[in-house]
Amino acid sequence: TQLLEQSPQFLSIQEGENLTVYCNSSSVFSSLQWYRQEPGEGPVLLVTVVTGGEVKKLKRLTFQFGDARKDSSLHITAAQPGDTGLYLCAGASRFSGGYNKLIFGAGTRLAVHP
Amino acid sequence: EPEVTQTPSHQVTQMGQEVILRCVPISNHLYFYWYRQILGQKVEFLVSFYNNEISEKSEIFDDQFSVERPDGSNFTLKIRSTKLEDSAMYFCASSAGTGGLDTQYFGPGTRLTVL
């Protein structure tokens, strides 16, 4: 059974601080996707990383996929109150038919205080 | 920007009743999925669907569940006889299925409440 362990579960910081969220597994994933989810809404895609060691930047957010494609991190620089939300990582298991099944982490609930 | 849509946004039903949750995937996508999220828990995979048949289903997706693509645009999840434990957010997702970068895009969800 594939599992994704996401940490920390909760993070409460002041505006301007940096933070890192981690997503770890013992399984290899074909790709890893990061989503942000607001209460009562669906996950909204932030980024997909595919290649081991890949780094992608989205404004103040930096995403990295581990060399072995088993882990990933999300780093936010100079966090702002608008970054407050639930961040989810999801690993994709690719089957021969070409489709993926996403395995989700439990999420990191981030609160950024002014 | 194309998006996945779902209806209804909230469905309340009595235990034992049948419900149909509807989704319109992104138009040029080929792979369709249903996930669910019980309040306070992880998003869980239910089923994937491609070329008019189920590709894979989880243990949750038992005989009470079925999926269908009745026309060229809709994708539905039917629960035949709902149980209290079926209460959850149900998310539809779709992907283009174009090689390694096969990102799944999610709809806003249907909140199912079984009384």
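Is there a pair in A:101/B:78; A:101/B:57; A:101/B:42 whose C-alpha atoms are over 18 Å apart, and which pairs would that be?
Over 18 Å apart, Cα to Cα: A:101/B:78.
Report the gain in length on full extension from residue B:54 to residue B:83: 0.36 nm times residue separation, minus Cα-Cα distance, nm rounded to one decimal.
Taking residue B:54 through residue B:83 to full extension adds about 8.1 nm, to one decimal.
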| remark: If every Lys and Arg gets +1 and every Asp and Glu gets -1 at its Cβ, then about the Cα centre the stretch B:17-95 yields a dipole, in debye to the nearest 20, of 220 debye
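Checking an interface number: how much accessible area is buried between B and A, summed over both chains, with a 1.4 Å probe, in Å² rounded to 100?
Chains B and A together bury roughly 1900 Å² of accessible area.
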| task | Using every Cα-Cα pair within the stretch A:5-113, state what percent have a distance larger than 19 Å. | result | 41 percent
| remark: From most to least accessible, 1.4 Å probe, no ligand or DNA/RNA atoms counted, B:85, B:44 line up as B:85, B:44
| field | Test item: Cα-centred dipole of the stretch A:5-113, Lys/Arg +1 and Asp/Glu -1 on Cβ, debye | value | 320 debye
| said: Can you list residues from other chains, or at least 5 along the same chain, whose modelled amide H is less than 5 Å from the amide H of residue A:27? | reply: A:3
| remark: Checking every Cys Cβ in the protein assembly as shown against the others at 4.7 Å leaves as unpaired none
| field | For peptides A:4-17, A:101-114, sequence by mean Cβ density within 10 Å, most packed first | value | A:101-114, A:4-17
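Relative contact order (percent) for chain B, with alpha-carbon contacts under 8 angstrom and 6 or more residues of separation?
Once divided by the residue count of chain B, the mean separation gives 38 percent.
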| query | Distance in nm between label sites at residue B:9 and residue A:2, each 7 Å beyond Cα in the beta-carbon direction? | reply | 3.3 nm
| query | Average partner chain C-beta neighbours within 10 Å, per residue of A:30-41? | reply | 3
| request: Sketch the reach of a paramagnetic label on residue A:75 as a point 7 Å from Cα along Cα-to-Cβ, and name the residues of the stretch A:1-39 whose backbone nitrogen lies under 12 Å away. | output: A:18-21
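The values are calculated or read from the model by the stated rules, or taken from the named source; none is laboratory data. As the structure is a prediction and not an experimental result, all values here were calculated from the model. Cβ: placed from backbone, ideal geometry, glycine included. Neighbour counts: every protein chain shown. The protein model used for the area step is the full one, side chains on, heavy atoms only, and it has no ligands, DNA or RNA in it. Shrake-Rupley method; radii C 1.70, N 1.55, O 1.52, S 1.80 Å.
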